[in-house]
Every structure is written in C-alpha cells, then in structure tokens.
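Have a look at the structure below, then the notes.
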Amino acid sequence: MQPHSVYDALQLAVSPVILISAYGLLLLSMTNRLGRAIDRGRLLRREPSPTQALQLQIITKRAKWIRSAILFMGLAILFTALLVLALFLSVVLDFDIRLLVTALFLLSISGLTISLWFFIADIFGSLKALEADLDQLR
C-alpha cells in the first residue's frame, strides 16, 4: 500500500465525518427534547389539573415522535459511519464500490430526512400542549 493511498482515503472520509458531527448535534437536541417531555409528563402526574389527561396524551405522542426521530438519526449516523468505512476501504483495497457508496449516502440522507420529519411533528405537538395550557387558564 502506497502512503498516498492512505492520504487519499483519509481525504475522502473527511466529508462524511463532518456529517456525523452535524448529525450528532441534532441528536443531542432531540435527546434533550425527549428528556424535557418525559420530565413534563412526570410533573403532570404529580400535579393534577383539569387538562391532565389531554396533556399526558399530547406528551406521550410527542415522546413517541421524538423517539422515532432519534431512531432515524441514529440510523443516519450508522449509515454515514459505514460510508466512511467503505470509502476508506475502497481506496486502500483499490475496489470500485460506487454503488455501495451511493446507497449508503442515500440511506444516510433518508434517515436524516425522516428524523427531521418526526422532529418537526414534535415541534407542532408542543404547540398543542401549550394551547391546552392556555385553554385551562381561560
């Protein structure tokens, strides 16, 4: 193996590693939102209110959306990590795996897209919970 092959492999692998970093930041935001939803649900159980049942239903639905978002973001990260490995091995072992690289990239972006879809659903769901709180005050 020539030294320049290793350098080429590392160069190819840098872009997907940046994707993993970005995905990781989104994942951190999602796990924080899940923690807050669970904490809010526990707080509601301790402090009964007229809208408690509705609030708990909304929070449960939101937690499921966030859980799905986390699942698909985790899959996006997994596919990106496999993409890094495939790119590195394709250079080091001199294989032509363009189809595999393309498939892994598309799977990664698909996971990101689906994850963001659930994340956006959670954001809209959180507004429903706020509206239920405001209705209670009226």
**OP:** Taking the residues in the range 56-67 that are of a type outside the set (A, V, I, L, M) and touching a helix residue (DSSP H, G or I) at 6+ places or on another chain (Cβ under 8 Å) as candidates, determine which candidate is surrounded by the most Cβ atoms within 10 Å (Cβ to Cβ).
**Re:** R62
Original post:
When you look at I58, is it more than 18 Å from the chain's Cα centre (by Cα) and in a helix (DSSP H, G or I), yes or no?
Top reply: yes
**OP:** Would you confirm whether any residue within the range 11-31 is of a type in the set (A, V, I, L, M) and in contact with a Lys or Arg (Cβ under 8 Å, 6 or more places away or on another chain)?
**Re:** no
Original post:
Is one or more of the residues making up the range 30-53 surrounded by 12 or more Cβ atoms within 10 Å (Cβ to Cβ) and touching a Pro at 6+ places or on another chain (Cβ under 6 Å)?
Top reply: no
**OP:** Select from the range 30-54 the residues that are under 25 Å from S108 (Cβ atoms) and in contact (Cβ under 8 Å) with a residue 60 or more places away in the chain and write down the one among them that is farthest from the chain's Cα centre (by Cα).
**Re:** R33
**OP:** Kindly indicate whether any position in the range 13-34 is β-branched (V, I, T) and touching a Gly at 6+ places or on another chain (Cβ under 6 Å).
**Re:** no
Original post:
In the range 68-108, how many residues are crowded, with 17+ Cβ neighbours inside 10 Å and in contact with a Gly (Cβ under 9 Å, 6 or more places away or on another chain)?
Top reply: 7
**OP:** Answer yes or no as to whether I18 is in a helix (DSSP H, G or I), surrounded by 15 or more Cβ atoms within 10 Å (Cβ to Cβ) and of a type in the set (V, I, T).
**Re:** no
**OP:** From L83, L43, grab the single residue that is of a type in the set (A, V, I, L, M, F, W, C) and within 13 Å of A129 (Cβ to Cβ).
**Re:** L43
Subject >> Hits in the range 117-128 - residues which are touching a residue at least 60 places away in the same chain (Cβ under 8 Å), of a type outside the set (D, E) and closer than 14 Å to K64 by Cα >> reply: F119, G125, S126
Original post:
Failed condition for F95, given (1) free of Cβ contacts under 8 Å to residues at least 12 places away in the same chain; (2) farther than 30 Å from R42 by Cβ; (3) assigned to a helix (DSSP H, G or I), with all others met?
Top reply: (3)
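A short reminder: the numbers here are calculations on the coordinates, not readings from a lab. Keep in mind that what you see is a predicted model, and the values were worked out from it rather than measured. Neighbour counts are summed over all protein chains in view; Cβ atoms, including those assigned to glycine, are modelled from backbone coordinates with ideal geometry.
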